[in-house]
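Asker: My questions all concern the structure below.
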Amino acid sequence: MLLCTAAAAQTMPSEPVSPEQGGPRNWEVSVVSSWLNLRELPSTKSRIVARYAPGTILDNLGCRQAEDRIWCDVQQLGGGPRGYVSAEYLNPAISPDGSAAFGPDDSALRAGQGMFDATGNIPCTQSIGQPMTQCEFGVARAGGGYATVVIKKPAGRTRAIFFRMGKPIGADTSQADGYPEFSASKENDLNLIRVGNERYEIPDAVVLGG
């Protein structure tokens, strides 16, 4: 895991690399007057599949050179079409904790091994209509708002909630539990998570540390 400050994040190598090679995990669209075109292939002649406004956060899926410029393979954080944008309009994205995260996200791997950075209790309930109680949790953080929160459920089972750039993006649902719907909202510094009938309240401090 490698983090850098907001000022340092503005300097990119001449040829950006993927997180697996030590590059930033996410890009932020910048230095564009209106909209940045997402193209199907790394070419100015390729079909436009989406347009991004300045400030849009993108996943870094690797970059390569074509047509005398560097193109980055990207997808918007949270989902959407995948394609290519010119690297000259990208900067490493700054997370809510003020850092830019470089290198692969190992939070899910460490959480699966029980290597938690912090443990405690959060408000939770397993059924609609039931009052909130307290559930034990452990969190493995990878910096830059990347974290995996593992919550202990009744009967010894667990539920993992995945965060990226400080945002809850999904849970470890499976066919065995019927793939319950995942949703999330925010109230001040509290992340309100629903996984089917389950509800969890996870403070930003659990994800970001501090």
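Asker: Under the rule that an exposed site lies in a DSSP loop and has at most 16 other Cβ atoms within 10 Å, name the longest stretch of the chain with no GluC sites (Glu not before Pro) of that kind, not counting the sites themselves.
Answerer: 68-180
Asker: For Lys186, which lysines qualify as cross-link partners when the Cα separation must be under 20 Å and same-chain residues fewer than eight apart are set aside?
Answerer: Those lysines meeting the cut-off are Lys167.
Asker: Please identify the chymotrypsin sites (Phe, Trp or Tyr not before Pro) of region 46-125 that satisfy two criteria: DSSP loop assignment and at most 14 other Cβ atoms within 10 Å. Which are they?
Answerer: none
Asker: According to the square roots a ≥ b ≥ c of the eigenvalues of the Cα gyration tensor, what is the shape class of region 112-201, taking rounded for a/c under 1.5, prolate for a/b larger than b/c otherwise, and oblate for the remainder?
Answerer: rounded
Asker: Net charge around Val49, counting only other residues with Cβ within less than 12 Å of its Cβ (Lys, Arg = +1; Asp, Glu = -1)?
Answerer: +3
Asker: Could you provide, to the nearest whole Å², the per residue accessible area of region 35-138 with probe 1.4 Å?
Answerer: Spelled out: the 1.4 Å probe surface of region 35-138, per residue, equals 51 Å².
Asker: For the chain, what is the calculated [θ] at 222 nm in deg cm²/dmol (nearest 500), taking -39500 (n - 2.57) for each run of four or more DSSP H residues and dividing by its residue count?
Answerer: Computed mean residue ellipticity for the chain: -1000 deg cm²/dmol.
Asker: In addition: All other residues with a Cβ under 10 Å from the Cβ of Lys152 taken together, and with Lys, Arg as +1 and Asp, Glu as -1, what is their net charge?
Answerer: +2
Asker: Projected area of region 25-148, taken from the Cα convex hull and averaged over every viewing direction, in nm²?
Answerer: Computed as one quarter of the Cα hull surface, the answer is 10.5 nm².
Asker: Average projected area of the Cα convex hull of the chain, in nm²? Walk me through the intermediate numbers first.
Answerer: On the way: hull surface 52.6 nm².
Across all orientations, the chain yields a mean hull projection of 13.2 nm².
The values are calculated or read from the model by the stated rules, or taken from the named source; none is laboratory data. Just so it is clear, the model here is predicted, and its values are computed rather than measured. Using ideal geometry, Cβ is built from the backbone for each residue, glycine included, and neighbour counts are taken over all protein chains shown. Heavy atoms of the whole protein, side chains included, go into the accessibility calculation; ligands, DNA and RNA do not. Shrake-Rupley method; radii C 1.70, N 1.55, O 1.52, S 1.80 Å.
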